[in-house]
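Read through the structure below, which is laid out as structure tokens, and then see the notes.
The numbers here are math on the coordinates, done by the rules we state, and not lab data. The model shown is predicted, which means the values in this text are computed figures rather than measured ones. Here the Cβ positions follow ideal geometry from the backbone for every residue, glycine too, while neighbour counts run over all protein chains shown.
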Amino acid sequence: MSIEDQKFPRRATAYKLKIEDVISGEFVSDDFGSYLESLNLKITRVRVMGNVIDKRVYEGNENTNLSDEVDERGGHAFLTLDDGSGIIRLKTWKKDVEKLEFINIGDMVDTVSRVRKYQDEIYIVPEYVKKIENPNWELLRELEIIRLKQIYSQKSNNLKDTTPKISSESKKSDSETKPINNIDDLESVKNQILSEISDSKESNGLTRDELYILIDIPRLDINECINELMTDGKIFENSDGKIQKA
């Protein structure tokens, strides 16, 4: 294991899915942890996009505005998201309620979240939430998911065909982020960084930590792409530590 991997453990892939693919999956808890089985994948993190059709904020047992200080012991909030295929709730507690401060009913949001289940409800807990200002991103995501489902299906078929020859350690690596292996991948990641920055709330940019969540490759590779984009004069890091387009 490299020094970089020891310092920054690789995250499980945040699969881009429709809400129906999340809520129709089977939530499993076993000796290896909790995960969602959907599209022949074992999923712990998802990236979904949807319209906010409901928003509730509570402090203890009372409703509260997000501008008020949230009670450390009991503050919580949730959004209800609808992408046309299904409805799911996004839940936050305590200080994480602040992640929803700028989100309102009627907004379209994109979120990287962990999948959870309580009683009979599958819901998501956000690592990152951003408001989508350009409606064209919804169509782009639809097309992207169609392509990704083909990839997920092919990966599943390949695993089935070679199951006797694959060790448990090899299977585990499929759910981890993959390093950049060629120039085309490098350029693709650069374009994704520029795209994520352009679509950030009010174009104020993103921190490196936010980019680490949104892009499923090792941090060392993301930093390499950021540094090259800075050298090319395409982006810069402002005094608040956010990366913006030049």
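Figures for the structure shown
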item	result
Cβ crowding within 10 Å averaged over residues, with 229-242, 113-126, 209-222 ranked highest first	209-222, 113-126, 229-242
Cα-Cα over 18 Å, subset of Lys55/Lys94; Lys18/Lys149; Lys91/Lys242; Lys55/Lys131; Lys16/Lys94; Lys95/Lys117	Lys91/Lys242; Lys16/Lys94; Lys95/Lys117
FRET efficiency estimate (nearest 0.05) - Cβ-Cβ, Glu237 to Gln150, R0 30 angstrom	0.25
By average C-beta atoms within 10 angstrom, highest first, the peptides 93-102, 39-48	39-48, 93-102
Pairwise label distance in nanometres, Leu143 with Glu37, each label 7 Å out on the Cα-Cβ vector	3.5 nm
